[in-house]
Amino acid sequence: MDRARARRGRGRARARRPVAQGQGRPGRPHRARRHRPVVPPPPISQRVQGFTESVIREMTRIVSQVGGVNLAQGMPNFPPPRELIEAAHVALEGDFHQYAITWGAPRLRRAIADKYAKFYGMDVDPERNVTVCCGSTETMLSTLLAVLNPGDEVIVFEPFYENYGPGCIISGAEPVFVPLEPPDFTFDADRLRKAVSPRTRAIVFNSPNNPTGKVFGRAELETIAALCLEHDLLAITDEIYEHIVYDGLGHTPIATLPGMAERTVTISGISKSYSVTGWRIGYAIAPAELSTGIRRAHDFVTVGAPHPLQEAAVVALGLPDGYYARLRAEYQARRDLLYGYIEKAGFVAWKPRGAYYILTDVAHFMKQYGVQDPTAFAMWLIKQVGVATVPGTSFYAHPELGRTKIRFCFPKTDDVLRDAGERLLKLQS
């Protein structure tokens, strides 16, 4: 027998050597096998069990992995005005490294009050009416926490920015949804009235609207205001896109309507109009009593917004009128550029009147390519043409209303929009 076979034989013999029951291997102490109990993960609250990762940020993450064009998340790929960068540099070199006053640096609150007086003729007391928060999203949450009680109802127009529903739920309230109907995304006044119940506390809406680009007109605002006055409701308005409007339209805060300043929380910030989505500076303008509540909630949610960037934001709010005229013109050109590609590629699209999103219907594409839902279609679009969008169901409480829709965004340079457009045209080849 050769040596290799001998080694194999010895190995087999050792493997078959019997070991007495209860003993370990010869020459070694016996170790009883321990079975670790299966420990379930710590439970999360019922409040957040229904929450998932933001689909918008999920699409951003996925498209970055394939090197595609991100038209999902609404953030510019170009820098803010040079004045803001310089102001931030000066603030960082200055003595602004510790907490500001919880509800906002005095200079910024004064600048906010001055801006609203200039643009809308609103009389805003910076000491009693302004609260600075960490972006308009936190401002909305702190507002809802401040004004809602468990069991209250809040009317929300849908489609809506995806944080509104969870914000109501975190606050213990129940959102009640009223649809905005295409093509103009108007609401039925009778349906809105029927949505009001004895438990209704507030009406929440976003104008200009994400994702539709709708700008609420004067008559619509008057309808909402009349209901608020009749039923003693609050209006909570997200006006973060106030300066991004097209085709000669203007923006009207509902707080400027008769009797509404006393029952409106106006929410805005610097993210969109000044291309600084990462700075996280937002604010609420509200009656003094409501401001007290918003400040208390804000204090325990985030303590305060970044002090140096609050100081730099003062410069943003003081930019001349020409800045806003250029902003509107440049965004309208971007809208028209992407809208042209989208139509040519075969999408059914609704041209926005404000904000920087285009909502589209893709029912025929879904049928053509055998895709069953908008999330699957958005994933398919990333893999096939390398363009990220957001499925319409992200903006609807009633998924059937968004099941054939996807949203594009266009705060991008022309070369990026052309790249995305040329990719989308492949759908016609």
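Residue-by-condition table, conditions (1) farther than 22 Å from residue 334 by Cα; (2) at pLDDT below 95; (3) surrounded by 20 or more Cβ atoms within 10 Å (Cβ to Cβ); (4) of a type outside the set (Lys, Arg):
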| residue | (1), (2), (3), (4) |
| --- | --- |
| 195 | yes, no, no, yes |
| 206 | no, no, yes, yes |
| 209 | no, no, yes, yes |
| 218 | yes, no, no, no |
| 226 | yes, no, no, yes |
| 229 | yes, no, no, yes |
| 232 | yes, no, no, yes |
| 239 | no, no, yes, yes |
**Prompt:** Quick one: which of 100, 146 is touching a residue at least 60 places away in the same chain (Cβ under 8 Å), in a helix (DSSP H, G or I) and buried (at least 20 other Cβ atoms within 10 Å of the Cβ)?
**Reply:** 146
**Fill in**
Residue count, the stretch 270-308, condition in a helix (DSSP H, G or I) and among the polar types (S, T, N, Q), comes to 2
**Message:** Criterion first (touching a Phe, Trp or Tyr at 6+ places or on another chain (Cβ under 9 Å), among the small types (Gly, Ala, Ser) and in contact (Cβ under 8 Å) with a residue 24 or more places away in the chain) does residue 259 satisfy it?
**Reply:** no
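Taking the stretch 206-225 on its own, how many of its residues are touching a helix residue (DSSP H, G or I) at 6+ places or on another chain (Cβ under 7 Å) and either within 18 Å of residue 144 (Cβ to Cβ) or of a type in the set (A, V, I, L, M, F, W, C) (or both)?
Total meeting the criteria: 3.
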**Complete:** residue 242 meets each of (1) touching a residue at least 24 places away in the same chain (Cβ under 8 Å); (2) touching an Asp or Glu at 6+ places or on another chain (Cβ under 8 Å) with one exception, condition (2)
**Prompt:** What number goes with the only condition from (1) under 22 Å from the mean Cα position of the chain (by Cα); (2) at positive phi; (3) free of Cβ contacts under 8 Å to residues at least 40 places away in the same chain that residue 370 does not pass?
**Reply:** (1)
**Asked** Take the residues of the stretch 244-261 that are over 16 Å from residue 221 (Cβ atoms) and out of contact with any helix residue (DSSP H, G or I) (no Cβ under 7 Å at 6 or more places or on another chain): which is surrounded by the fewest Cβ atoms within 10 Å (Cβ to Cβ)?
**Response** 248
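Being buried (at least 17 other Cβ atoms within 10 Å of the Cβ), small (Gly, Ala, Ser), in the same structural domain as residue 274 (by TED's automatic domain parsing) and touching a residue at least 60 places away in the same chain (Cβ under 8 Å) is the requirement here; does residue 313 meet it?
The answer is yes for residue 313.
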**Asked** In the stretch 275-287, is there at least one residue being more than 16 Å from residue 106 (Cα to Cα) and of a type in the set (A, V, I, L, M)?
**Response** yes
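Take the residues of the stretch 73-95 that are within 18 Å of the chain's Cα centre (by Cα) and either outside any loop (DSSP other than H, G, I, E, B) or at pLDDT below 95 (or both): which is surrounded by the most Cβ atoms within 10 Å (Cβ to Cβ)?
74
The values are calculated or read from the model by the stated rules, or taken from the named source; none is laboratory data. Since the model is a prediction, treat every value here as computed from it, not as a measurement. Heads up, the Cβs are rebuilt from the backbone with ideal geometry, glycines too, and the neighbour counts pull from every protein chain shown.
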